[in-house]
Amino acid sequence: MARVSQEHLDARRRQILAGAARSFAANGFHGTSMQDVLKEVGLSAGAVYRYFAGKEDLIAAIADEAFGAVRRAFAEAADTVPPPMPDVLLGRVLRGVFEGQLHGLERRATAMLVVQVWSESMRDERLAKTLDDGYTGMRAAWGKLVEAYRAAGVMRSDVSGDDVARTMIATAQGFIAQEALFGGVGIEALENGLRGLMSMDPQKIS
């Protein structure tokens, strides 16, 4: 019997995940059955179950990839020297997430899938751990970025670095949620909005 190459196995796994991602993005995790996935992928049940034991394994694998895409985008942006200002940085992060096109999904479908993963993690301990690990990694990456800002003399030292990291992550998450719910919001709008907020002069208010 001919030996199946690792490249073939990896390609088949990606094919299955791509079909599952399209099904989940269109119908939701709970509105999608394994039969729906099999129909979308165009493979037999045996071929799919060779890689994944069931729908929960597919969801977990897609969640891991979605979190990985966000985490990599944050880490790559945070490692830039010299560090860009927050408006530029968050723009890079979000472009990294959406331009990566998770399994070929268009931007709003990608955002909808990410939000579904967040929701599912509230009832699934396996997904919750994946999310927690990813969030911890992103906070650490942005903690390094805060140190770089302070070393460059552009950020106050009396503000908690973890508070800054949480705020930046929350801004990116909020944009992803907006895209999932409403669609059609350009990343440029976020960049411009942040620039406007960063330009405020507190002395003129007081």
- For Arg123 paired with Asp162, estimate the spin-label separation in nm (one decimal), with each label point 7 Å from Cα along the Cα-to-Cβ line. 3.1
- segment 82-142: C-alpha gyration tensor shape, a/c 1.5 cut-off, then a/b vs b/c: oblate
- Reach of Lys129 by Cα under 30 Å, taken over lysines that are not fewer than 8 positions away in the same chain: Lys55, Lys144
- Tell me the GluC sites (Glu not before Pro) within segment 34-143 that lie in a loop according to DSSP and have at most 16 other beta-carbon atoms within 10 Å. Glu106
- Note on the structure: With a Förster distance of 22 angstrom and the Cβ-Cβ distance between Val81 and Met200, calculated FRET efficiency to the nearest 0.05 equals 0.20
- Averaged per residue, the 1.4 Å probe accessible area of the chain, protein heavy atoms only, in Å², is roughly 56
- Item | Candidates per trypsin sites (Lys or Arg not before Pro) in segment 54-127, loop by DSSP, up to 11 other Cβ within 10 Å | Arg123
- Sites Val88 and Ala140, calculated FRET efficiency, Cβ-Cβ separation with R0 22 Å, nearest 0.05: 0.55
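How much length would be gained if the chain were fully extended between Glu99 and Asp132, taking 0.36 nm per residue of separation minus their Cα-Cα distance, in nm to one decimal?
9.5 nm
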- Cα gyration tensor, segment 1-44 - rounded (a/c under 1.5), prolate or oblate: prolate
- Query: Roughly speaking, what is the stretch gain from Ala45 to Phe182, that is 0.36 nm per residue apart minus the C-alpha to C-alpha distance, in nm to one decimal?
  - Reply: 45.8 nm
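In whole percent, how big is the carbon plus sulfur part of the accessible area of the chain, probe 1.4 Å, protein atoms only? Kindly include the intermediate steps, with their values, before the conclusion.
Details: 6060 of 11440 Å².
For the chain, the apolar C and S fraction of the accessible surface comes to 53 percent.
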- Message: Over the Cα atoms of the chain, what radius of gyration and what Dmax do you get, in Å?
- Response: 19.8, 79
- Dipole-positive endmost among Ser157, Leu38, Ser119 within the chain (Cβ charges, Cα centre): Leu38
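Using a 1.4 angstrom probe on the protein heavy atoms only, line up Tyr49, Tyr135, Tyr149 by accessible area, largest first.
Tyr49, Tyr135, Tyr149
The values are calculated or read from the model by the stated rules, or taken from the named source; none is laboratory data. These figures come from a predicted structure and were not determined experimentally. Don't worry about glycine lacking a Cβ; one is built from the backbone with ideal geometry, like all the others, and counts go over all protein chains shown. For accessibility, only protein heavy atoms count, side chains too; no ligands or nucleic acids. Shrake-Rupley method; radii C 1.70, N 1.55, O 1.52, S 1.80 Å.
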